[in-house]
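Asks: Let me begin by handing over the structure; questions about it come next.
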Amino acid sequence: MVLNERITSIAPSASLEVEARAKAMAAAGEQICGFGAGEPDFDTPEHIKAAAAKALANGQTKYSPTLGIPVLRKAIVTKLQRENGLEYAPGQVLVSNGAKHSLFNLFLVLCREGDEVLIPSPYWLSYPEMARIAGAKPVDVIGKVENGYKISPADLRRAASKRTRVLVLNSPCNPSGIVYTPDELAALAEVAVERNWTIISDEVYEKIVYDGVKSVSVAGLSPEIFSRTITVNGFSKSYAMTGWRLGYAAGPQPVINAALTLQSHSTSGANTFAQYGAVAALEGPQEFIARMVAAFTERRACLYERLTAIPGIRCVRPMGAFYMLPDVSSFGVPSHVFVQRLLEREKVAVVPGESFGAPNCVRFSYACSLKTIEEGMTRFARFVRSL
């Protein structure tokens, strides 16, 4: 049986692979300290669950419009205007089965065979594979650890070619936790305006920021940037709704129309009663987010202190999301081997940096308990002393 080469050439998701292996070991009785999962360890707030349950009880069990139910798209438009300074019509918003699905739609719609997509690294591991599936070539724009992993306009210009068509921006960033300032984002976006590129702005971690840092939407920085940017967001991270699978894209009407057509032939509309829960997430109490971020702040401090106390570790302090990306190259072990040995010897699960364009690093998620962080770091320190 012959398979599609575009599919057989892409790599499985390393983070999901690590998480699956860790769960299998835990099910077999192993005491695992898991730092692989990219999801908050909090339950979805009760008012959101209640809204979905009410919709289910009221018979909201039929297909939803492919674009998304009108009341949710209206709520998203209001949110984008109020919080991000972005003015969209409801028809410029497409609700999908998670922000990952929104991104996948956009890569397929925007990329043509042979196009190049600029992706600042370290990057979320699915961006390059999505580009490849669309027939495009992902091009790393390398953020150096000494620069806090941030890239500059000069880095973009050096990486670009006549085939460049799309620039991906992710702030706050998975896996590094960096957050670009408005001036830094504007400088990067101005290169896209100058070169006539489209910007995909992944803002799914926008509400998880620390130390008074504010996450801004790049599309709101100028009319010229707005006209060429598609903003992607979702409910998984901010509202602990990972299993609900709801995300959205907002942008120029021709792009949304094309993504709508694509989605109509793949998944159709997102889960109907889950969308009513998403309305409650946007329109209901928001205090849950502050409580969750306060817990992440405490965990971040603990993990960073424990990591940077280990000789040979270099680590950029994250200002957003819930990941840390320590450089472990001083131990002389390739990242993927380091991760395998760490799991086998100490039952600590982290994700290899190769998958994120950071081969010298491993990724920790601190979306886990303080107890797990404390015990995991004791094991981690013991492991690196043995190398």
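Asks: How much mean residue ellipticity at 222 nm does the chain get from its helices, if each DSSP H run of length 4 or more adds -39500 (n - 2.57) and you divide by all residues, to the nearest 500 deg cm²/dmol?
Replies: Estimated from H runs of four or more residues: -13000 deg cm²/dmol.
Asks: So what is Rg over Rh here for region 9-112, counting just Cα atoms and using Kirkwood for Rh? Provide the component values of the computation, followed by the final result.
Replies: On the way: Rg = 18.8 Å, Rh = 17.7 Å.
Using only Cα positions, Rg/Rh for region 9-112 is 1.06.
Asks: At a threshold of 8 angstrom on Cα-Cα distance, excluding pairs fewer than six apart, so keeping six or more, what relative contact order does region 173-318 reach in percent?
Replies: Averaging sequence separation for qualifying contacts and normalising by length gives 20 percent for region 173-318.
Asks: Can you tell me how much longer the chain between H336 and K74 gets when fully stretched, taken as 0.36 nm per residue apart minus their C-alpha distance, in nm with one decimal?
Replies: Length gained, H336 through K74: 89.9 nm.
Asks: Just list whichever of K150/K371; K137/K162; K207/K237 have alpha carbons separated by over 20 Å in the model shown.
Replies: Checking Cα-Cα distances, K150/K371 exceed 20 Å.
Asks: How many angstrom lie between the Cα centre of region 290-330 and the Cα centre of region 227-280?
Replies: After rounding, the separation between the Cα centres reads 31 Å.
Asks: To continue, here is another question. Fully extended, how many nm does the chain gain between R157 and R82 (0.36 nm per residue separation, minus their Cα-Cα distance)?
Replies: Working: separation 75, 0.36 × 75 = 27.00 nm, distance 3.36 nm.
Residue separation times 0.36 nm, minus the Cα-Cα distance, leaves 23.6 nm.
Asks: Label region 62-283 by shape, choosing from rounded, prolate and oblate, from the square roots a ≥ b ≥ c of the eigenvalues of the Cα gyration tensor; if a/c is under 1.5 it is rounded, and otherwise prolate applies when a/b is larger than b/c, oblate when it is not.
Replies: Prolate.
Asks: Another one. In what sequence do D140, D202 fall when counting other Cβ within 10 Å, fewest first?
Replies: Going from least to most buried by this count: D140, D202.
Asks: Cross-link partners among lysines for K54, C-alpha distance below 22 Å, same-chain residues fewer than 8 apart left out?
Replies: K62, K74
Asks: Arrange the peptides 323-331, 229-237 so that the one whose residues have, on average, the most other Cβ atoms within 10 Å appears first. Mind showing how you got there, number by number?
Replies: Numbers: 323-331: 21.6, 229-237: 25.3.
The peptides rank, most packed first, as 229-237, 323-331.
Asks: Would any residue of region 108-145 have its amide N under 17 Å from a label point 7 Å out along Cα→Cβ of E5? List them or say none.
Replies: Of the residues in region 108-145, 113-115, 132-138 have backbone N under 17 Å from the label point off E5.
Asks: Could I ask something else about it? Using label points projected 7 Å from each Cα along Cα→Cβ, tell me how many nm separate Q253 and T61, to one decimal.
Replies: According to this spin-label approximation, the distance is 3.8 nm.
Asks: Tally Lys/Arg at +1 and Asp/Glu at -1 over every other residue whose Cβ is under 14 Å from the Cβ of E354; what's the total?
Replies: -3
Asks: Just add up the charged neighbours of G135: K/R +1, D/E -1, any other residue whose Cβ is under 10 Å from the Cβ of G135.
Replies: +2
No lab work stands behind these numbers, since they all come straight from the coordinates. Everything numeric here is computed off the predicted structure, so don't read it as measured data. We place every Cβ from the backbone using ideal geometry, glycine too, and count neighbours over all the protein chains shown.
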